[in-house]
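See below for the structure under consideration.
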Amino acid sequence: MASTLPTTVSVVVPCRNAAPFLARTLAAIVAQSWRDLEIVLVDDGSTDNSVEVALATADDRLHVIRQNASGGPSGPRNRAIAEARGRYVFFCDADDIMHPGKIERQVQVFEQCPAVGMVFTDFAVIDAEGQVLESSFVAQYGTLTRIVAAGPGPEGGLRRELLLDGLLRANFIGTSGVAVRKAVLDAVGVFDTSLPSSEDLDLWLRIARRFPCAYLDMVGHGYRRHSASVMHDNGLKHPLARIEVMRRQLGPETTPEQVRLIRYWLGRNYCGLGYLHERRCEYAAARDFYLESLRARPNLQAAWGLAKMQTIGRLRPGVEAGAGVDRRNGE
């Protein structure tokens, strides 16, 4: 039975069929130099022996919770957040590897900068065997380098508008690199389980709009890329989720530069949906998405796609029946 006493750090580990990697993931957390922590692992209906692997970890700071499969990592993450007793919540996916000293150094940032609500780190990309594929993920993002070079904002951390602009360009924050004050999650909410993907970016943007966020320049974990990773699913749900996240960013406080970035991504993802439907010979849907792409921003790809769909419509008059652009649950 897990202790009910408060602790400084709660490490949230969502798990779904991660048995080949889980023992090493937990060992790296247990070995962290910061000792005042708990590990809240929520098994999301695994059909392998993940639970047995977790229970074999000989550390009384580990709390294992089992639940039925929820369909994605947001559900088990939220369950673990609800159970967490720590002031600071750290995320670590069940196949990722924390590097030594990560927790201690992020806690130090929180202690030194009381206004900072979230601290994130760089990370390496590793394969299924743990071999390094990319030694630094954020090195490819000059945007983050420029944000850091601009210096801290008035409350510490990165300059808020620059960080928001950067995240609207690309999501350079890896989930297992993130630590958040529990009070911040209480204020902004947790992961949106209605989003099949991009739920991490949605949460980072909600936090960044209300609280200073800091970047700690260290490679804090190894992100494991393998065939069972969620992002290997290439269906329609990813662009649909990105569109929804971008739509949510439009509001009275959105700057002209942010509007430009949002419209760029809306146009790109609508165009991508048009192409996916075109490949499936679903020409009416393809036409509608190409039109939405052009409404978001003029672009040659969508214009060319729309021209093709209009030509097909003239050659095959029946293909336009049943058109309608709001197809949010396509697979």
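General remarks:
- Verdict on I147 being out of contact with any Ser or Thr (no Cβ under 6 Å at 6 or more places or on another chain), closer than 24 Å to L266 by Cβ and β-branched (V, I, T): yes
- Selection status of E253, more than 22 Å from C92 (Cα to Cα), of a type in the set (D, E, K, R) and part of a loop (DSSP other than H, G, I, E, B): yes
- Condition met for V53 (outside any strand (DSSP E or B) and hydrophobic (A, V, I, L, M, F, W, C)): yes
- If you go through the range 161-211 and keep only what is touching a His at 6+ places or on another chain (Cβ under 7 Å) and among the β-branched types (V, I, T), you end up with nothing.
- Inter-residue pairs, beta-carbon under 6 Å, first farther than 19 Å from K182 by Cβ and in the range 85-96, second among the charged types (D, E, K, R) and crowded, with 24+ Cβ neighbours inside 10 Å, 6+ apart: D95/R224; D96/R224
- Residue in the range 153-173 that is more than 21 Å from W265 (Cα to Cα), surrounded by fewer than 14 Cβ atoms within 10 Å (Cβ to Cβ) and either in contact (Cβ under 8 Å) with a residue 60 or more places away in the chain or of a type in the set (G, A, S) (or both) present: no
- Pairing each residue of the range 254-269 that is of a type in the set (A, V, I, L, M, F, W, C) with any residue that is surrounded by 15 or more Cβ atoms within 10 Å (Cβ to Cβ) and not in a helix (DSSP H, G or I), provided the two are 6+ apart or on different chains, yields C-beta distances under 7 Å for I262/Q249.
- Sole exception among (1) small (G, A, S); (2) over 18 Å from the mean Cα position of the chain (by Cα); (3) under 26 Å from G101 (Cα atoms) for A187, by number: (3)
- Flag not set for V9, criterion: surrounded by 15 or more Cβ atoms within 10 Å (Cβ to Cβ), in a strand (DSSP E or B) and in contact with a His (Cβ under 8 Å, 6 or more places away or on another chain).
- One residue alone among A115, A84, A139, A149 is closer than 19 Å to P6 by Cα, out of contact with any Cys (no Cβ under 9 Å at 6 or more places or on another chain) and aliphatic (A, V, I, L, M), and that residue is A84.
- No other residue among L240, L266, L273 is touching a Pro at 6+ places or on another chain (Cβ under 6 Å), assigned to a helix (DSSP H, G or I) and under 17 Å from S198 (Cβ atoms) apart from L273.
- Among the numbered conditions (1) surrounded by fewer than 24 Cβ atoms within 10 Å (Cβ to Cβ); (2) in contact with a strand residue (DSSP E or B) (Cβ under 7 Å, 6 or more places away or on another chain), the only one that A94 does not meet is (1).
- Scanning the range 254-282 for residues that are buried (at least 20 other Cβ atoms within 10 Å of the Cβ) and among the aromatic types (F, W, Y) turns up W265, Y270.
- Given (1) loosely packed, with under 13 Cβ neighbours inside 10 Å; (2) of a type in the set (D, E, K, R); (3) within 26 Å of R181 (Cβ to Cβ), number of the condition D127 does not satisfy: (3)
- Residues satisfying the stated conditions in the range 199-239, i.e. surrounded by 15 or more Cβ atoms within 10 Å (Cβ to Cβ), modelled with pLDDT under 95 and closer than 19 Å to G75 by Cα: K237, H238
- Any hit, the range 97-113, residues being within 26 Å of G45 (Cβ to Cβ) and in the same structural domain as V178 (by TED's automatic domain parsing): yes
The values are calculated or read from the model by the stated rules, or taken from the named source; none is laboratory data. Only a predicted model underlies this, so the values are computations on that prediction, with no experimental measurement involved. In this analysis, Cβ positions are derived from the backbone assuming ideal geometry, glycine residues included, and neighbour counts consider all displayed protein chains.
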